[in-house]
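Structure record follows, encoded as structure tokens.
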Amino acid sequence: MAARDRHGLEAPWGEFRHIGKATPKVDGLAKATGAAVYTDDLTLPGMLHGKTLRSPHPHARILSVDTSEARRLPGVLGVLTGKDLPVRYGIIPWTQDETALAVDKVRFVGDPVCAVAALDEDTANAAVRLIRVEYELLHPYLDPFEALKRHDPAIHEDRKEGNISKRVELSFGDVDAGLAEADAVVEGDFYFHGTTHGAIEPHCALARYGADGVLTLWSSTQITHYVHRALARVLGMPPHRIRVVQPCLGGAFGGKSDPFSLEFCVARLAMLTGRPVKMLYTREEVFYAHRGRHPMHLHYRTGARRDGTLTAVDAKILIDGGAYSSYGLVTTYYAGQLLTGPTHLPSYRFDSTRVFTNKPPCGPKRGHGSVQPRFAFEVQLDQLAEKLGLDPIELRRRNVLPPGSPTVNGQRVTSNGFLECLRRVEDASGWRLRRGRLPRGKGLGVAGSMYISGTNYPIYPNGMPQSGIQLKVDRSGLVTAFSGGNDIGQGTNTIVQSLVAEELGLALDQVRVVAADTDLCPVDLGAYSSRGTFMIGNAVLDACRNLRGRLIDAVAERWKCDPRRVLFMDGAVLDREDPSRTMTSVEAIQHAEERFDTLGSTGSYNTPKLGGDYRGGTIGASPAYSFTAHVVEVEVDEETGRITCTRAWIAHDCGKALNPLLVAGQIEGSAYMGLAEALLEDHSVNRFGLHQGPSLLDYRMPTAVDTPELLALIVESLDPEGPYGAKEAGEGPLHPSIPALANAVHDAVGVRLCHLPFTPGKVLKALRELRAREAPERLVVGKG
């Protein structure tokens, strides 16, 4: 039967017809057959091709730029330098420190300097090579500890804090007293390396400046609304003369949630030349554009009583932000604010500092800002369990957030299925019988997490809805849903279709979705922070319920019956008390149009007031939180140091699985990505600021052969705020995979791995150190 949602209503027609069913994605067939149209598939008459000249230096002042030879090259129609696009932008209004092209200095190898538009890509590439730039080299900061201490020359001269991007210090409860009264304290240093998103589709943008003065940009973005705002700012154009469209997208994972240089460059070049301009990044350019996972150096102290209940957690975190701010302000908060569940922390303190370095800029990657601290904390929970002689799952059970209680930092938790997640992975993995009893070299590890279902407030302060939906009803019985949401492969358009069909009692093929077009669709803020299903879904329910009443009233009036007797189901309309009386949904829609005029409806969603009453208390606050538990099984070869992950059990509390097929896909994809970061991936630069392998040949990601068996276990806690009880499933399931794997390695061979990635060399070194520590003990025992 139906779950109750935040309105206190059940499924409109009793049994669910579409919700909870494994419905294929609306664009699945088009993608599988090659019919889907991506940005680079678009071609317009007279289209030019754009290319970018990038800095070869990590930190340098620009003394001069000579583009004369490039301009004289036949086939070149436009050339831009930083002076043509000097207005700064950035996703966070308070930290706008980027320009589309470098104006006075470059801050990392790959920083864009000039852009050209030519008749073809070969000519554009040739023109780029003809541009001459004179640089004055400056000291490069490639070590975050140096950037923290030294500020001359500063990477951003106008910042009073030097190379410090953001610092957050927050404390809740008496941490020092909590650590003093603990019977066991674990303390240690952890390192989380940088990783990138690895989306199949590179960044691509196409701009056309029409005779009507309207600029249209097609872009592989996951934030059409914010790109629309950024274009208006940088180009100095009224927003109503700009249109942004997201075609089909080939993956993002957070890597396309910033405005990017190419979007501004193709727009300005189109305005300059009067012709459409397309720019497609190479894979190497994608690696340098980056915005991936922040490297973090983490120092944690965690205390507990003999019974395993925690007393305090103290964290100090240094974040390597790369050359620009991006989402860094939020990252610095998230690194501390999102650790306070599912484990109850009686007292908690964190000191989080993000610094600029002369590396590709970091940003949001799946599980933004909180994957790194989760790794350190969940490993320390296992260390405490070992010290206290407790089962790691039992320790987590004893510290679970009490039902209905807020977190120590004031986050409201409306539903919590973490205990059920623990039970599911414990049972499925055979934990009680197998953990600690497998042959040497094989082990099991556990970890848990909590994550947001959308952010409390939009990125720029305003009181308008965070998500809007508009429904157009046609006499043919077709309902078209216009959604500003960005479907980046996670399936939000499929969810919109299913929700509309469920609410209005239609067949799925009676609902079409038009999305991510700023001219046609209401505003949605984009695909980030796991907000899609939760916020777009609630907006859909609002729009449908505004419309449904009119449809029911029109039929009830025609049948002269109580409206409560009218039942819409699968494209038909029935009388609950007189089965002989029916009509089609098409007839019902036409009757409603006769009665009420042209049919349509709008709906929206905005979060309630949330968060703690302190500076930064709203950052990390969410209308609902998902919960996850992993058990990971590994095999460790002690001769080679190679770790093989053989199986992973992932139990995720998504509130309500609106589409179990999509939820399972998100769970498995998240776990895959986390395990890949633990064992293979590494986005790093050398001492010259050059990326060590900016290609999919050198940047290692698991193939199908390397991927373990992933078992998705869906837990439903029915959140009162979500659409039909749903919460997020796209990012939360990633978090526990890395610490669970680290804990499994300890179960297998007795070593603690605290520095990512877990390469064979690091495993062998840890084993040597373990044997060296054990050798004196063996000697003493033997002598006795």
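The values are calculated or read from the model by the stated rules, or taken from the named source; none is laboratory data. Since the model is a prediction, treat every value here as computed from it, not as a measurement. In this analysis, Cβ positions are derived from the backbone assuming ideal geometry, glycine residues included, and neighbour counts consider all displayed protein chains. When the accessible area is computed, the model is the full protein with side chains, heavy atoms only, and any ligands, DNA or RNA have been set aside. Shrake-Rupley method; radii C 1.70, N 1.55, O 1.52, S 1.80 Å.
Scanning the chain for GluC sites (Glu not before Pro) that sit in a DSSP loop and have at most 15 other Cβ atoms within 10 Å, the longest stretch containing none of them is 182-576.
Distance between Cα centroids, the range 396-456 to the range 191-250: provide it in whole Å. Taking the Cα centre of each part, the range 396-456 and the range 191-250 sit 39 Å apart. The charge dipole of the range 464-605, taken about its Cα centre with unit charges on the Cβ atoms of Lys, Arg (+1), Asp and Glu (-1) only, comes to about 240 debye.
Starting from the range 567-618, pick out the chymotrypsin sites (Phe, Trp or Tyr not before Pro) whose DSSP state is loop and whose Cβ has at most 15 other Cβ atoms within 10 Å. Qualifying residues, ordered by number: 614.
Where Rh denotes the Kirkwood radius from the mean inverse Cα pair distance, what is Rg over Rh for the range 279-418?
1.06
The ellipsoid that matches the Cα gyration tensor of the range 464-605 has semi-axes, each √(5λ) in whole angstrom, of 29, 14, 12, with the longest given first. Taking θ as phi - 60° and the Karplus parameters 6.51, -1.76 and 1.60, the scalar couplings of the range 436-444 work out to x, 10, 6, x, 3, x, 10, x, 10 Hz in sequence order, x denoting glycine and proline. In this simple spin-label model, placing a label point 7 Å from the Cα along the Cα-to-Cβ direction at both residue 472 and residue 391 gives a separation of 5.8 nm.
The three principal axes of the C-alpha atoms in the range 241-321 carry coordinate ranges of 73, 24, 22 Å, sorted with the longest axis first.
Note on the chain: with charges restricted to the Cβ of Lys and Arg (+1) and Asp and Glu (-1), its dipole about the Cα centre is near 760 debye.
The residues of the chain present an accessible area of 37 Å² per residue when probed at 1.4 Å with all protein chains retained.
A dipole drawn for the chain from +1 and -1 charges on Cβ atoms has a positive end, and of 584, 206, 322 the residue lying farthest that way is 322.
Relative contact order for the chain: 16 percent, from Cα pairs under 8 Å spaced at least 6 residues apart, divided by residue count.
What a 1.4 Å probe finds exposed on the range 464-605 is 48% carbon and sulfur by accessible area, rounded to a whole percent. Expressed as a whole percent, the accessible area of the range 199-343 that falls on carbon and sulfur atoms is 55 (1.4 Å probe).
One decimal place: the segment residue 29-residue 698 gains 237.6 nm when fully extended, by the rule 0.36 nm per residue minus the C-alpha distance. Taking every DSSP bridge with both residues inside the range 464-605, close to 80 percent are antiparallel.
Could you give the length gained on full extension between residue 139 and residue 44, defined as 0.36 nm per residue of separation minus the Cα-Cα distance, in nm? Kindly include the intermediate steps, with their values, before the conclusion.
Details: separation 95, 0.36 × 95 = 34.20 nm, distance 4.46 nm.
Gain on stretching residue 139 to residue 44: 29.7 nm.
Once the chain from residue 132 to residue 772 is taken as fully extended at 0.36 nm per residue, the excess over their C-alpha distance is 224.7 nm. What separates the Cα centres of the range 709-742 and the range 521-574 is a distance of 27 Å. Spin-label model, residue 614 to residue 161: label points 7 Å out along the Cα-to-beta-carbon direction sit 1.7 nm apart.
Taking a point 7 Å from the Cα of residue 578 along the Cα-to-Cβ direction, the residues of the range 551-568 with backbone N closer than 15 Å to it are 555-567. Taking the helices alone, the chain has a mean residue ellipticity at 222 nm of -8500 deg cm²/dmol, built from -39,500 (n - 2.57) per DSSP H run of at least 4 residues and averaged over all its residues.
Of the residues 388, 521, 247, the one whose Cα sits farthest towards the positive end of the charge dipole of the chain is 388 (charges of +1 on Lys and Arg Cβ, -1 on Asp and Glu Cβ, taken about the Cα centre).
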